[in-house]
Structure formats: C-alpha cells, structure tokens
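> Quick one: the structure is below, questions incoming.
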Amino acid sequence: MKLNTRTIVAIGIGSAIFLVLNRFVAIPTPIPNTNISTAYAFLAFMAALFGPIAGALIGFIGHTLTDMLAYGSVWWSWVIASAVFGALVGFVSNRLAIERGETKMTDFVTFNVYQVLANLIAWVLVAPILDILIYSEPVNKVFTQGATAGLANLISVLILGTIFLFAYAKTKTQSGSLKEE
C-alpha cells in the first residue's frame, strides 16, 4: 500500500487528535493506569478509512506523544499495542463500502468483528506480554490491565467507532445516486 499525500496528512492529523482524545477525553477505571478511552474509537475509524499502515502509525505516534506529554516517558509495550490495534483494524478498510456512501449492516458487523479481534490481540496478548518481557511487570497485574483496557476499548469502539463510520458514510455521495434528467 502506497502512502499518498491524503494518507500522510491523515496520519499527522489523526495522531494529533488521538493525543487530544487520549489525554483529555478518557475516563479512569479502578485499575491503575487504565482508562476508558475515546481515542481508540477514533483510531479504529481512521484505520478503517486509511488502512493498516495509517492505523499503525496513528496509534504509534499518538500514543507515544500522549505518554511523553502525560507521563514524561514512553511505555513502549502499550505504544506497540496501540500500533498493532491500528494496523489490525486497518485491514478492514478494503472490505467496507463506507467511502461509497453505503451504510450496510454487514459493513458495521465486519468493522466490529475486526475491532474486537484487534482489541483482544493488542490488549490481552501484545501489551501484557511486552510488559513482562520489557519491564518485568507482574503477570497478574499486566493481564488485568490488558483485559480491562481491551474491554473498555472494545465497548468504546463498538459505540463511538460505529457512529463515526455511519456519520462519515452519510457525508459521502452514494454510488449511482445521481441521475441524468
């Protein structure tokens, strides 16, 4: 997949919006350092529109910037998990008719199947395993954090990500909707 100007701009703007959402529009959970984040709904939306490379870069850059500004250091295991999540959801981009202005139920189901699988892989596997390997974190702690983050992100994407895709599709002209008189 080539990176065209539109995709590069989307990566820059997407990373900035991810940072703002992750930093200022997140709801804390009882699990330390774990939030319900609207940023992942936005990341899933952008990945679905622009593909896996853009999804991975938005997740990677956005999460890196968030960690640097919020904590002063980067927690690489979760940054990598954000990139993995964005990449995996991005693989749905060629399977959706959203860009053509179509809002088929099958598109929303497909999008949500991808995001559920991406959340499970990123937060229940990648983040905890990298926490253990990179930071020697306690197993119970990281799998609890990962499962909480995965469930919170899954619900956020299910609700907000689906709304974002539906609203975006409504801004597009449906293919074959213009008729010559």
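The values are calculated or read from the model by the stated rules, or taken from the named source; none is laboratory data. Keep in mind that this is a model prediction, so the values were computed, not measured. Note: ideal-geometry Cβ built from the backbone for every residue, glycine included; neighbour counts use all protein chains shown.
> Take Phe108 and tell me if it is in contact with a Leu (Cβ under 9 Å, 6 or more places away or on another chain) and closer than 15 Å to Ala44 by Cβ.
In short, yes.
> Turning to a different aspect of this structure: Name the single residue, out of those in region 89-109 being buried (at least 20 other Cβ atoms within 10 Å of the Cβ) and at pLDDT 90 or above, that is nearest to the chain's Cα centre (by Cα).
Val89
> While we're on this one: Going by what's in this entry, would Tyr168 be described as under 23 Å from Ala10 (Cβ atoms), aromatic (Phe, Trp, Tyr) and surrounded by fewer than 19 Cβ atoms within 10 Å (Cβ to Cβ)?
Spelling it out, Tyr168 is indeed under 23 Å from Ala10 (Cβ atoms), aromatic (Phe, Trp, Tyr) and surrounded by fewer than 19 Cβ atoms within 10 Å (Cβ to Cβ).
> Turning to a different aspect of this structure: For region 129-169, how many residues meet the condition of being under 18 Å from the mean Cα position of the chain (by Cα) and closer than 21 Å to Ala26 by Cα?
21
> Do you know which of the residues in region 136-149 that are of a type in the set (S, T, N, Q) and either touching a residue at least 40 places away in the same chain (Cβ under 8 Å) or not in a helix (DSSP H, G or I) (or both) is surrounded by the most Cβ atoms within 10 Å (Cβ to Cβ)?
Gln145
> Among the candidates Leu133, Leu117, which residue alone is assigned to a helix (DSSP H, G or I) and either under 14 Å from Ile80 (Cβ atoms) or free of Cβ contacts under 8 Å to residues at least 12 places away in the same chain (or both)?
Unique residue meeting the criteria: Leu133.
> Count, please, the residues in region 16-74 that happen to be touching a His at 6+ places or on another chain (Cβ under 9 Å) and either hydroxyl-bearing (Ser, Thr, Tyr) or surrounded by fewer than 19 Cβ atoms within 10 Å (Cβ to Cβ) (or both).
The total comes to 1.
> While we're here: Kindly indicate whether Thr106 is of a type in the set (Ser, Thr, Tyr) and free of Cβ contacts under 8 Å to residues at least 40 places away in the same chain.
When the stated conditions are applied, Thr106 passes them.
> Could you tell me whether any residue of region 115-122 is farther than 19 Å from Thr162 by Cβ, surrounded by 15 or more Cβ atoms within 10 Å (Cβ to Cβ), of a type in the set (A, V, I, L, M) and within 13 Å of the chain's Cα centre (by Cα)?
Yes, some residue in region 115-122 is farther than 19 Å from Thr162 by Cβ, surrounded by 15 or more Cβ atoms within 10 Å (Cβ to Cβ), of a type in the set (A, V, I, L, M) and within 13 Å of the chain's Cα centre (by Cα).
> What residue, of Leu21, Leu49, Leu96, is of a type in the set (A, V, I, L, M) and without any contact (Cβ under 8 Å) to a residue 60 or more places away in the chain?
Leu21
> Return yes when Leu125 is over 15 Å from Ala41 (Cα atoms) and buried (at least 16 other Cβ atoms within 10 Å of the Cβ) and no when it is not.
So Leu125 fails the test.
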